[in-house]
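The values are calculated or read from the model by the stated rules, or taken from the named source; none is laboratory data. Remember, it's a predicted structure, so these values are computed and weren't measured experimentally. Cβ sites come from the backbone with ideal geometry, for glycine too, and all protein chains shown count toward neighbours. When the accessible area is computed, the model is the full protein with side chains, heavy atoms only, and any ligands, DNA or RNA have been set aside. Shrake-Rupley method; radii C 1.70, N 1.55, O 1.52, S 1.80 Å.
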Amino acid sequence: MNFTQRQWLLVSLAFVSASAAQAADEYSFDASGFEKKPFELGGYAQIKQDHFSLNRNGAFYKLGYFGDPQRESLDRSTATVELTGKLRGGIGTFDFHTHSDIQHDQLANSSNNVLYEAAYSIRPDPGMTLEAGKRTLRWGKGYAWNPIGFVERPKDPNDPDLAREGYGMVNADLIVNRDGPLQTIAFTPVLLPVERNVNSDFGSTGHLNPAAKLYLLYRDTDIDFAWQGSGSRPGRYGMDFSRNLASNFEIHGEWARIRNFVKPVTDSLGHSTSEVGNATSYLVGLRYLTEGDTTYIAEYYRNGTGYSDEEARQFYQLVDDAFIQQQQTGNSALFQRALALGQGSYGRPNPGQRYTYFRAQQKDALGIIYFQPALTAMINLNDHSYQVTPELLYTGIKNLDLRLRFYALRGSRLTEFGEKQNSNRLELYARYYF
Amino acid sequence: MKKILCLICCLVAFPAMAIDGTQILEKVDRNLEPESYEAYRQLIDIQPDGSKKEYVLYTMKKGRDKVVALFLSPPSDKGRVTLRLGDNMWLYIPDVGKPIRITSLQSVTGSIFNNADILRIDYTAEYNVEAAEEKLDSILLSLKAKTGEVAYDRLKMWVDKKALLPTTIEAYAASGLLLKTLHFKNIKDFGGGIKRPATLETDSPLYKGYKSVMLWAGIKKTNFRDEVFTLNYLPRIQELRK
């Protein structure tokens, strides 16, 4: 071995040793940076661009764009920031969640600042939590709808996972765990006061509004019983369940009954009446995961507070007639009546009585990890109008979600999705978490 | 003297009888971690182009089949909590605000590690030992799932003879398809009598070129109240950390 060979050998040995050391260190993990801190702040910032193809023959276009320049389409830019934080001290924790957004389109600029949640909680024992403040409680097992969501603002079926504004309340959580078929019992009592400046959109003022939920984990089945006493809103009660039939197959259901529910109903001439009766809503659904990592979610929803096909048709006809009358005579009295109804229960996201929801989502599609295409469909089973929403989601970039969605709303005249404000919508957002 | 000779003959002639697979699996469970413990874990997903995505989880386990994992990082997943009680699994997402049932075959991180890997309970709680075979330095355990709810129908587990810790596990579907291989590496003394692999690597023929790694830190014996392992407690799990 000459000198050069020896040098090469030494260099090679040094390289091998360095590589081995690097391999050993490649996966070192120090957890000290993740200890609990007295104050935590996080959240996300999002930029969203929407393109709406407006449905100029639709009842809700006529109501929404009354008095505005008539348009075929609208482009809207939205910047959103949501902040979440925790402040810990002693046995208590204060946490908050804020939402701020700025919107700009060809017609208007607007901004919103909403305190979604801000509550102080103490936990004298792991089995007991007491809490006061603004809190979003989510009750029910349904994915797109929750008939037993008695003390929460309704979720958007187009984006059921979005954070929502809560209500000011006092609540507690009492948990008992035991051996045997009944593994867990948890009781959540709630007091939700409604005054002129507190929770005023919940219902009529001057009520304390008690509500409660009892959760049981019984023989591997989640069961909830929910109740809300009459006060600002009519009294109601209900239950839900969820259970895995197999490791990849879950079923769930909800049932709710509202006593003396008041439903405003109109005919096509604008004669409104209030129908009072008990309303029963229910939902059954399933979630199924295939071997190929496709998740299917399907739900059937019977909305007991909704409008029949004929009731909805009368309302859409009223809007049409009122719009024509206003255009021809300049008299807007009938149109204003239709507008008021449209801003009330006729204008809910899903005002009909029977719906089905279907979603298929493919994980790691095309062999790309973190790439999830999905297809969602919502059908009004009464009038057979529907909305189909294909989407592409990529979460492979650190702290960044990118989502592209297209909404296609289809239906004949005097149907729910045929009378919506837009017929198509393209949405793209980038959400950065910090 | 005849009795001693007879005993020696028996030991030489029937070595397989000395292996009790179930007992070995029980020891593997306890050597991997105490029955009740807390720990920090880092999950690293490595893509074919070398790019990485990392998650940090705080984990609590009680008994043979109660596990909770809280996501501490990255910010997009911070505050998510997964709970496992036997065959039942739930995911709590702060924005969604309520736990939803998930399945063992899904992955809350989107990596090769699925929920059953992330919320692993004792092997003896999920598997029966069908065969134990002595190799040169290891024991090969053939495990069969006790129920259809278990993520993998069969496991082949190579156990280090001296340390009684797994070195490699192959996970198979009921069809016989190899789903993934788990490699246990880097045995480390965590104190408190806990000496176990600090690194777990996995690869899968279903995800060619991808690799996922799980790193352990801060494992210690801890006892938790049963109420912690309930759906109502999930939003408050992070308050338990020291």
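Pairs linking a residue in segment B:31-58 that is at the interface with chain A (Cβ under 8 Å from one of its Cβ atoms) and assigned to a strand (DSSP E or B) to a residue that is acidic (Asp, Glu) and surrounded by fewer than 19 Cβ atoms within 10 Å (Cβ to Cβ), with Cβ atoms under 6 Å and 6 or more positions apart or on different chains, are B:44/B:54.
For segment B:209-227, a residue qualifies if it is within 20 Å of residue A:34 (Cβ to Cβ) and within 12 Å of chain A (Cβ to nearest Cβ), and the qualifying residues are B:212, B:213, B:214, B:215, B:216, B:217, B:218, B:219, B:220, B:224. So in segment B:79-135, with the set limited to residues that are of a type in the set (Gly, Ala, Ser) and within 12 Å of chain A (Cβ to nearest Cβ), which one is farthest from the chain's Cα centre (by Cα)? Applying the filter and picking the extreme gives B:97.
Considering only segment A:277-296, how many residues are surrounded by fewer than 19 Cβ atoms within 10 Å (Cβ to Cβ) and in a strand (DSSP E or B)? So the count comes out to 8.
Yes/no matrix, rows are residues, columns are (1) more than 10 Å from every other protein chain (Cβ to nearest Cβ); (2) farther than 30 Å from residue A:404 by Cβ; (3) open to solvent by less than 20 Å² (accessible area, probe 1.4 Å); (4) free of Cβ contacts under 8 Å to residues at least 12 places away in the same chain:
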site	(1), (2), (3), (4)
A:98	yes, no, no, no
A:126	no, yes, no, no
A:165	yes, no, no, no
A:179	no, yes, no, yes
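Scanning segment B:163-207 for residues that are under 17 Å from residue B:217 (Cα atoms) and assigned to a loop (DSSP other than H, G, I, E, B) returns B:192, B:193.
Can you pull out the residues in segment A:186-209 that are within 12 Å of chain B (Cβ to nearest Cβ) and open to solvent by 30 Å² or more (accessible area, probe 1.4 Å)? Selection gives A:187 alone.
Of the residues in segment A:304-318, at least one is more than 30 Å from residue A:150 (Cα to Cα), in a helix (DSSP H, G or I) and touching a strand residue (DSSP E or B) at 6+ places or on another chain (Cβ under 7 Å).
The residue that is nearest to residue A:31 (Cα to Cα), among those in segment B:21-43 that are among the acidic types (Asp, Glu) and touching a Gly at 6+ places or on another chain (Cβ under 9 Å), is B:38.
Among the candidates A:183, A:228, the residue that is touching a Leu at 6+ places or on another chain (Cβ under 9 Å) and open to solvent by less than 10 Å² (accessible area, probe 1.4 Å) is uniquely A:228. Scanning segment A:313-358 for residues that are on the phi < 0 side of the Ramachandran plot and open to solvent by 20 Å² or more (accessible area, probe 1.4 Å) yields a count of 30.
Kindly establish whether residue A:234 is of a type outside the set (S, T, N, Q), open to solvent by 20 Å² or more (accessible area, probe 1.4 Å) and touching a Lys or Arg at 6+ places or on another chain (Cβ under 7 Å). Yes: the conditions hold for residue A:234. Remark: pairs (first residue in segment A:314-325, touching a residue at least 24 places away in the same chain (Cβ under 8 Å); second residue open to solvent by less than 50 Å² (accessible area, probe 1.4 Å) and among the β-branched types (Val, Ile, Thr); Cβ separation under 6 Å; 6+ apart in sequence or on different chains) = A:315/A:266; A:318/A:266. Residues being free of Cβ contacts under 8 Å to residues at least 40 places away in the same chain, facing chain B (nearest Cβ under 10 Å) and not in a strand (DSSP E or B) are represented in segment A:135-147 by at least one member. Out of A:373, A:390, one residue alone is assigned to a strand (DSSP E or B) and in contact with a helix residue (DSSP H, G or I) (Cβ under 9 Å, 6 or more places away or on another chain). It is A:373. In segment A:385-416, the residue that is most open to solvent (accessible area, probe 1.4 Å) out of those that are within 14 Å of chain B (Cβ to nearest Cβ) and within 19 Å of the chain's Cα centre (by Cα) is A:402.
When B:65, B:95, B:87 are checked against the criterion of being under 30 Å from residue A:188 (Cα atoms), open to solvent by 40 Å² or more (accessible area, probe 1.4 Å) and touching a helix residue (DSSP H, G or I) at 6+ places or on another chain (Cβ under 6 Å), B:65 stands alone in meeting it.
The residue list B:200, B:206, B:234 contains one member that is more than 8 Å from chain A (Cβ to nearest Cβ) and under 19 Å from residue A:93 (Cβ atoms), which is B:234. Of all the criteria given as (1) open to solvent by 20 Å² or more (accessible area, probe 1.4 Å); (2) touching a Pro at 6+ places or on another chain (Cβ under 9 Å); (3) assigned to a loop (DSSP other than H, G, I, E, B), the one not satisfied by residue A:382 is (2). Residue-level check: of (1) aliphatic (A, V, I, L, M); (2) open to solvent by 30 Å² or more (accessible area, probe 1.4 Å); (3) free of Cβ contacts under 8 Å to residues at least 24 places away in the same chain, residue B:173 misses just (2).
Considering only segment A:401-415, state which residues are closer than 19 Å to residue A:62 by Cβ and in contact with a Leu (Cβ under 9 Å, 6 or more places away or on another chain). Of everything in segment A:401-415, nothing turns out to be closer than 19 Å to residue A:62 by Cβ and in contact with a Leu (Cβ under 9 Å, 6 or more places away or on another chain). Residue pairs whose Cβ atoms lie under 9 Å apart, separated by 6 or more positions or on different chains, with the first residue in segment B:104-130 and without any contact (Cβ under 8 Å) to a residue 12 or more places away in the chain and the second hydrophobic (A, V, I, L, M, F, W, C) and outside any loop (DSSP other than H, G, I, E, B), are B:106/A:289; B:106/B:89; B:106/B:91; B:107/B:118.
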